[in-house]
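Q: After the structure tokens below, expect a handful of questions from me.
The values are calculated or read from the model by the stated rules, or taken from the named source; none is laboratory data. Just so it is clear, the model here is predicted, and its values are computed rather than measured. No Cβ is skipped: glycine too gets one built from the backbone with ideal geometry, and neighbour counts run over all protein chains shown. Quick note on the areas: whole protein, heavy atoms, side chains included, nothing else; ligands and nucleic acids left out. Shrake-Rupley method; radii C 1.70, N 1.55, O 1.52, S 1.80 Å.
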There are 2 protein chains.
Amino acid sequence: MMRKLKKAAKARGERLHHSLAQDIGARILKGEFAPGALLPNEAEWCDAYGVSRTAVREAIKMLAAKGLIVSRPKIGSRVQPRDSWNLLDRDVLAWYWATSDQHRFLANVQEMREILEPEAAALAALNHTAPQLAEIDAAYRGMVEAPTIADWNVSDVKFHLAILGAAGNELLVPLGFLIESALSNMFAFTATHNTDMRKALPLHEAILNAIRRRNPQAARRASRILLADTNSVIGRSRKPAARRAAGRKR
Amino acid sequence: MMRKLKKAAKARGERLHHSLAQDIGARILKGEFAPGALLPNEAEWCDAYGVSRTAVREAIKMLAAKGLIVSRPKIGSRVQPRDSWNLLDRDVLAWYWATSDQHRFLANVQEMREILEPEAAALAALNHTAPQLAEIDAAYRGMVEAPTIADWNVSDVKFHLAILGAAGNELLVPLGFLIESALSNMFAFTATHNTDMRKALPLHEAILNAIRRRNPQAARRASRILLADTNSVIGRSRKPAARRAAGRKR
DNA sequence: ATTGCCTTTTTATAATACAAATGAATCGGG
DNA sequence: CCCGATTCATTTGTATTATAAAAAGGCAAT
């Protein structure tokens, strides 16, 4: 490793401390340093990567800010228990994604969408303001008129984020961004998602119209159908948990 | 401000850079530095707080790791647009909570619980493993035998977190921690929540039994009733959005 | 007017010194 | 021999200084 980091940082236009944080963070999530374990001390990091203590310390502070480690004098930097890792952080999620069972992770993300988006659509039907509705409408028209698949995807994401924004719950918005960023890590998704835009488009229209008519039940229903449809494309059974629960007691 | 920071840090057993990050972060969320605005440069921070550049830089790196700011040479540190703030971070959420309309924020948190927990309970009914069920059961018994209200609350939180853990979706767990930490910021909640433990206890038992019997519908239903009950105690109408939507078109 | 080169400001990195915290070893008293 | 206080050593925390790199803004030449 070592010297390569400096060149990699320069090549990607990243600062040293940022690259260091990325590298160390990824190594922690990869399991190279287990929770409770003691990391190498600052001098060793300097030596291993050939950088100054300043850069190392700033990287460590970034990881501490994400809940991965804590530093104490004389002790060193210790990896925190997984519970205090901020898994809802973009970086941490990306590191996690890179080392997890990707199929299962994708299923989890999709499951989160199934939980959140229908309710968000229903709330949006109740709570949306005029500009928020216009934003959803604009995204929908962007999908209709999309010249390429890539454009369609961009508008698709905007559509769903706009609905989360219109739901009137500030916590839903960052969750939406998180899910979006998680999905954007999975090219496989975007590649297969829109093989049947022709099916998806009327469903999006149904959601839009239900929100416009302030009909939460209809919005929720249409959103559920759309997500179920997405599932079939992804190749995930509607109840992936059913398998695990097969050996149930009663 | 200035000199006081050092004493405050020492009194709370915090490091300087940590206290600095807390203070600057809170000021950003308070709106003292708007998104897009340029922060004072490092020298000015050193001067204002009477600390070294090292401490300032480490604090800045922590805030950058939480998505609040970005630093670039010759430019300085600029406050990021709200969209890239990591609102799902414990600290950021706490800063936000301190400056927001607290009643509305509490309503949002409760709304998130209503979205997440019934579905989590249903998933837990399908997916739970034996040790996970035992954990839920232990938390329930902790509630039954709780000698004081404080003990009851501890077990209550454990109960709900255990259900999220048993749902088999890794993203639900950190969300649960986040909601818990948000709620723990609001003493008002814990103070009023358990005025009628007698009502809440059988509902918890119903959820536990539904999960044990692997009956997702029953688990979801019981969870919904429990949350609706909590709402009435909190003094929030079941559909707070209904007011805003009163002037609807159809 | 546009292009490319300076200048200058600010962060980025490095190097060094000392302070503070704390686990471990050591010493002293019982 | 055991126990407690003390000292010691190690590691992070903070401060200071120096230098490098980035980039906006001005300057000049074409």
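Q: Take the Cα gyration tensor of the protein assembly as shown, multiply each eigenvalue by 5, square-root it, and list the three semi-axes largest first, rounded to whole angstrom.
A: 37, 29, 25
Q: Give the average, rounded to an integer, of partner chain Cβ atoms located within 10 angstrom of each Cβ in B:119-130.
A: For this peptide, the per-residue mean of nearby foreign Cβ atoms is 3.
Q: I'm a student and want to see the number: the projected area of the Cα convex hull of chain A, averaged over all directions, in nm².
A: Numbers: hull surface 69.7 nm².
The Cα convex hull of chain A, projected and averaged over all directions, gives 17.4 nm².
Q: For a bin width of 5 Å, list the pair-distance distribution of segment B:10-91 built from all Cα-Cα distances, rounded to whole %.
A: Calculated P(r), rounded to whole percents: 3, 16, 27, 28, 17, 8, 2, 0.
Q: Just order B:155-161, B:80-86, A:117-123 by mean Cβ neighbour count inside 10 Å, highest at the front, would you? Write out the running numbers ahead of the final one.
A: Details: B:155-161: 20.6, B:80-86: 17.4, A:117-123: 25.1.
By packing density, highest mean first, the sequence is A:117-123, B:155-161, B:80-86.
Q: Whole-Hz Karplus ³J(HN,Hα) for segment A:117-122, in order, using 6.51 cos²θ - 1.76 cosθ + 1.60 and θ = phi - 60°, x for Gly and Pro?
A: 5, x, 5, 5, 5, 5
Q: Averaged across the residues of A:161-168, what count of C-beta atoms belonging to other chains lies within 10 Å of each residue's C-beta?
A: The shielding value for this peptide is 2.
Q: Can you give the FRET efficiency to the nearest 0.05 for residue A:99 and residue B:198, using r as the Cβ-Cβ distance and R₀ = 56 Å?
A: Efficiency for this residue pair is about 0.75.
Q: Still on this model: Identify, among B:142, B:60, B:176, the residue whose Cα sits farthest towards the positive end of the charge dipole of chain B, taking +1 on the Cβ of Lys and Arg and -1 on the Cβ of Asp and Glu, with the dipole about the Cα centre.
A: The residue sitting farthest along the positive end of the dipole is B:60.
Q: Any idea of the total accessible area buried by the A-B contact, 1.4 Å probe, rounded to 100 Å²?
A: Counting protein atoms only, the buried area is about 4900 Å².
Q: Which GluC sites (Glu not before Pro) from segment B:1-110 combine a DSSP loop assignment with at most 10 other Cβ atoms within 10 Å?
A: none
Q: Moving on. For the protein assembly as shown, what is the mean residue ellipticity at 222 nm derived from helices alone (per DSSP H run of n ≥ 4: -39500 (n - 2.57); sum divided by total residues; nearest 500 deg cm²/dmol)?
A: -22000 deg cm²/dmol, from helical runs alone.
Q: Greater than 22 Å separation of Cα atoms is the criterion. Which listed pairs, B:66/B:158; A:30/A:158; B:30/B:61, meet it?
A: B:66/B:158; A:30/A:158
Q: Of the accessible area of the protein assembly as shown, with the probe set at 1.4 angstrom, what percent is carbon plus sulfur?
A: C and S atoms contribute 55 percent here.
Q: Provide an ascending nm list, one decimal, of label-point separations from residue B:104 to the equivalent residue in each further copy; define each label point as 7 Å from Cα along Cα→Cβ.
A: So the label point of residue B:104 gives 4.1 nm to the other copies.
Q: Okay, next question. Once you keep just the Cα pairs under 8 angstrom separated by 6 or more residues, what percentage relative contact order results for chain A?
A: 17
Q: Taking beta carbons within 10 Å but only from partner chains, what does the mean come to for residues B:208-220?
A: Mean shielding count: 1.
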